[in-house]
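Enquirer: Here's a structure for you.
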Amino acid sequence: MNGMDPIFLEVLWNRLLSVVNEQQVALMRTAFSTIVRETQDLACGVFNTEGAMVAQSLTGTPGHINAMATGMRHLLDEYPPERLSEGDVLLTNDPWMTAGQINDITVATPVFRRGRIVGYFANTCHAADIGGRILSAEAREVYEEGLRLPIMKLFREGEINADLIKLVRANVRTPDETVGDLYAQTTSNEVGARALLRFMDEFDLDSIDPVAKEIMDRSEQAMRHSIESVPNGRYEHETWSDGFEEPIKIKVAVTVDDRDIHIDFAGSSPQSRRGINVVFNYTHAYASFAMKAAVSPEVPHNEGAFRPVHVSAPPGSIFNCRPPAAVASRHILGHFLPGVIFGALAEALPLMAAGSDPIWISVFRGRPPGKKDLFTFSLFQCGGGGARATKDGLSATGFPSGVAGVPAEAVETLSSLVQHRKELRPDSGGPGRHRGGLGQYTEMGCRTSDTWTISAMVDRIRYPPEGLLGGGSGARGQLLLDGQDEGQPKALLTLQPDQRIQLNLPGGGGFGAPLERDPELVLADVVEGYVSIEGAERDYGVVVRYTGSTDQMVRLPEDYQLDREATERRRSERRGSL
């Protein structure tokens, strides 16, 4: 690793990042679906000639990025260089080869220079629809979940595979969006390829492989060096997901062995009869992401950073399911993995409490007034993040998924849905020295004269996000019909035209004892509306007085006062009872 000047290598590395970011921007600007354009449920990356990921774009979910990184070799095994021509584009949505559900389509493009392949660009995006059942956890086999595409050519020497496109359009509910995104995915790879060739010409590079090797080797060594700072040992933790028909146990053992880390999910529940199973590729993706985030977040994210992290799960378990298991809602369990790993490491490396973890994906379908065709709209929402060792948790933020929210204007413009409510949930963040992030209240209706449906893939309704090191749990999530009747999570629900559905997302767990939180911070939370006056006294032993008018719509900061004497008295009583 001493053969390349580090300053020159830094220049090359930053140029590679700009190349994949250009690829990402092209994808988001040309995508047809809000899932890619607004939610950013995608991944982009550049690979060397052996299919090892060298760099990823700025935006992307770990489940897409890391699964694409490990899955790229499946595409190259099926289509080695001698079977590829300039203008060819490959695709697949096989869950066991890429991102774990058939809605996620990976598109890969070889880059030719002077007649030979010098690298590959790939991206993975969540398709608006892929046929079969509406995206849910109801299926019992993957065959029910939609159109499963083996590794094949989307383009042959620059010509679209017209038969494939006809097949996709005939099987999906959103043909324009789904096919339009395939073209966007292809175009973004082309943009990346052109930028890479300019990069190679500028620096007179015949191959990116030597640069890639240097970058990946340095990433590996930096990752191993960071692992050395964690005390050797075996660390265990377990938690529970609501599951579908029964709760799912999530158990992990993290073994730190000098410069390597082994993550094993033995002891977790067996694979389910419903579509919440996780393929091993996706398990590896979120487990390896968790360790990198924990010990070395600033190290470049590439093949080298994966090498010191070894992941295992028993075949036939919920985290290494066998075909033909149903997998459509695999993110529900997969998004728990970083939190349970952080929980295991809490003794050696305090990081953050559990958050809401799984994103809440809701797929709505209905008929707009006076229209013949039905709309299908997917909405991604995020609850509160767990409190961190030194900071409060983030509110309504997608961790570990990294997805973005969708503006109400986009929802109402592209469907006949009406978003009646979207606001932070007071008192939903778990109390602690550092408070958990807040979840959110949302309420949806539909402008229609017919029944309409929602498939709500939600969790943490029975089991709230746990606090850490004395912190309290975050609020449970709620799935309500007209404010009271509980709907069946992860199943397709049918609503009447005048009904509304409430999707109230959980808050994150707290970190550290609540009585250790600075009363001034609790007062600030009350002023901001994050914590109620009642919650401040109940959870933190902090007494806040409101001195303004009760019918005052706008309540100013000076209308709230901290009663220091009452607070000290209340906290002393609480400490005495512990």
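The values are calculated or read from the model by the stated rules, or taken from the named source; none is laboratory data. Just so it is clear, the structure is predicted and the values come from calculations on it, not from any experiment. Positions of Cβ are backbone-derived with ideal geometry, glycine not excepted, and every protein chain shown enters the neighbour counts. Just the protein is used for accessible areas: all its heavy atoms, side chains included, with ligands, DNA and RNA removed. Shrake-Rupley method; radii C 1.70, N 1.55, O 1.52, S 1.80 Å.
Enquirer: Given the options Glu22, Glu50, Glu38, Glu10, name the one that is of a type in the set (Asp, Glu), open to solvent by 10 Å² or more (accessible area, probe 1.4 Å) and touching a strand residue (DSSP E or B) at 6+ places or on another chain (Cβ under 9 Å). Break it down into steps so the answer makes sense when it comes.
Expert: Values: Glu22 fails: touching a strand residue (DSSP E or B) at 6+ places or on another chain (Cβ under 9 Å); Glu50 fails: touching a strand residue (DSSP E or B) at 6+ places or on another chain (Cβ under 9 Å); Glu10 fails: touching a strand residue (DSSP E or B) at 6+ places or on another chain (Cβ under 9 Å).
Of the residues listed, the single one that is of a type in the set (Asp, Glu), open to solvent by 10 Å² or more (accessible area, probe 1.4 Å) and touching a strand residue (DSSP E or B) at 6+ places or on another chain (Cβ under 9 Å) is Glu38.
Enquirer: Given the condition part of a loop (DSSP other than H, G, I, E, B), touching a Gly at 6+ places or on another chain (Cβ under 8 Å) and aliphatic (A, V, I, L, M), answer yes or no: does some residue in the range 406-417 qualify?
Expert: No, there is no match, as no residue in the range 406-417 is part of a loop (DSSP other than H, G, I, E, B), touching a Gly at 6+ places or on another chain (Cβ under 8 Å) and aliphatic (A, V, I, L, M).
Enquirer: Turning to a different aspect of this structure: Report yes if Arg545 is more than 27 Å from the chain's Cα centre (by Cα) and without any contact (Cβ under 8 Å) to a residue 24 or more places away in the chain, otherwise no. Talk me through it step by step, then tell me what you get.
Expert: Details: more than 27 Å from the chain's Cα centre (by Cα): yes; without any contact (Cβ under 8 Å) to a residue 24 or more places away in the chain: yes.
Taking the combined requirement at face value, the residue satisfies it.
Enquirer: Ok, one more. Name the residues in the range 195-212 that are of a type in the set (D, E, K, R) and either touching a helix residue (DSSP H, G or I) at 6+ places or on another chain (Cβ under 9 Å) or in contact (Cβ under 8 Å) with a residue 60 or more places away in the chain (or both), would you?
Expert: Within the range 195-212, Arg198, Glu202, Asp206, Asp209 qualify.
Enquirer: How many residues are over 27 Å from Leu135 (Cα atoms), of a type in the set (A, V, I, L, M, F, W, C) and open to solvent by 10 Å² or more (accessible area, probe 1.4 Å) when one looks only at the range 88-114?
Expert: Going through the range 88-114 one residue at a time, the tally reaches 1.
Enquirer: Further question on the same structure: Cβ-Cβ under 8 Å, sequence separation 6+ or interchain: first residue in the range 170-184 and polar (S, T, N, Q) and part of a helix (DSSP H, G or I), partner surrounded by fewer than 17 Cβ atoms within 10 Å (Cβ to Cβ) and modelled with pLDDT of 95 or more. Which pairs?
Expert: Pairs found: Thr178/Arg169.
Enquirer: Across the range 442-462, what is the total count of residues that are crowded, with 20+ Cβ neighbours inside 10 Å and either among the polar types (S, T, N, Q) or touching a Pro at 6+ places or on another chain (Cβ under 8 Å) (or both)?
Expert: Here the count works out to 10.
Enquirer: To continue, here is another question. Is there a residue in the range 385-399 that is closer than 17 Å to Gly467 by Cα, modelled with pLDDT under 95 and either polar (S, T, N, Q) or under 15 Å from the mean Cα position of the chain (by Cα) (or both)?
Expert: The answer is yes; a qualifying residue exists.
Enquirer: Look at Ala285 and say whether it is within 23 Å of Trp96 (Cβ to Cβ) and either surrounded by fewer than 20 Cβ atoms within 10 Å (Cβ to Cβ) or among the aliphatic types (A, V, I, L, M) (or both).
Expert: yes
Enquirer: Give Ala410, Ala346 a once-over and let me know the one that is within 21 Å of His126 (Cα to Cα) and small (Gly, Ala, Ser).
Expert: None of the other options fit; the residue is Ala410.
Enquirer: Restricting to the range 383-417, and then to whatever is of a type in the set (D, E, K, R) and over 30 Å from Val542 (Cα atoms), can you tell me which residue is most open to solvent (accessible area, probe 1.4 Å)?
Expert: Among those residues, the one meeting the criterion is Glu409.
Enquirer: Which of the residues spanning the range 347-366 are open to solvent by 10 Å² or more (accessible area, probe 1.4 Å) and over 30 Å from Tyr143 (Cα atoms)?
Expert: Residues satisfying the conditions are Glu347, Ala348, Leu349, Pro350, Leu351, Met352, Ala354.
Enquirer: Could you please find all residues in the range 443-466 being part of a strand (DSSP E or B), within 24 Å of the chain's Cα centre (by Cα) and more than 20 Å from Ala128 (Cβ to Cβ)?
Expert: Residue satisfying the conditions is Glu443 alone.
Enquirer: Got a number for residues in the range 193-225 being surrounded by fewer than 20 Cβ atoms within 10 Å (Cβ to Cβ), polar (S, T, N, Q) and part of a helix (DSSP H, G or I)?
Expert: 1
Enquirer: Test each condition in (1) aliphatic (A, V, I, L, M); (2) at pLDDT 95 or above; (3) surrounded by fewer than 24 Cβ atoms within 10 Å (Cβ to Cβ) for Ala293 and report the one that comes out false.
Expert: In the conditions (1) aliphatic (A, V, I, L, M); (2) at pLDDT 95 or above; (3) surrounded by fewer than 24 Cβ atoms within 10 Å (Cβ to Cβ), Ala293 misses (2) alone.
Enquirer: Which one is nearest to Leu493 (Cα to Cα), of the residues in the range 418-428 that are assigned to a loop (DSSP other than H, G, I, E, B) and open to solvent by 10 Å² or more (accessible area, probe 1.4 Å)?
Expert: Looking at residues that are assigned to a loop (DSSP other than H, G, I, E, B) and open to solvent by 10 Å² or more (accessible area, probe 1.4 Å), I get Arg425.
Enquirer: Kindly provide the set of residues from the range 367-378 that are surrounded by 21 or more Cβ atoms within 10 Å (Cβ to Cβ) and either polar (S, T, N, Q) or within 15 Å of the chain's Cα centre (by Cα) (or both), ordered by number.
Expert: Hit for the range 367-378 is Ser378, nothing else.
Enquirer: With respect to the numbered conditions (1) among the aliphatic types (A, V, I, L, M); (2) open to solvent by 30 Å² or more (accessible area, probe 1.4 Å); (3) part of a strand (DSSP E or B), which one is the sole condition not fulfilled by Val311?
Expert: Tallying (1) among the aliphatic types (A, V, I, L, M); (2) open to solvent by 30 Å² or more (accessible area, probe 1.4 Å); (3) part of a strand (DSSP E or B), Val311 fails exactly one: (2).
Enquirer: Could you list, in sequence order, all residues of the range 493-520 that are touching a residue at least 60 places away in the same chain (Cβ under 8 Å), touching a helix residue (DSSP H, G or I) at 6+ places or on another chain (Cβ under 9 Å) and surrounded by fewer than 21 Cβ atoms within 10 Å (Cβ to Cβ)?
Expert: If the condition is that a residue be touching a residue at least 60 places away in the same chain (Cβ under 8 Å), touching a helix residue (DSSP H, G or I) at 6+ places or on another chain (Cβ under 9 Å) and surrounded by fewer than 21 Cβ atoms within 10 Å (Cβ to Cβ), then Leu515 is the only one that fits.
Enquirer: Only residues that are under 23 Å from the mean Cα position of the chain (by Cα) and farther than 18 Å from Gly192 by Cβ: list them for the range 109-131, please.
Expert: His126, Ala127, Ala128, Asp129, Ile130, Gly131
Enquirer: Quick check, is His331 assigned to a helix (DSSP H, G or I), under 26 Å from Gly467 (Cβ atoms) and of a type outside the set (A, V, I, L, M, F, W, C)?
Expert: yes
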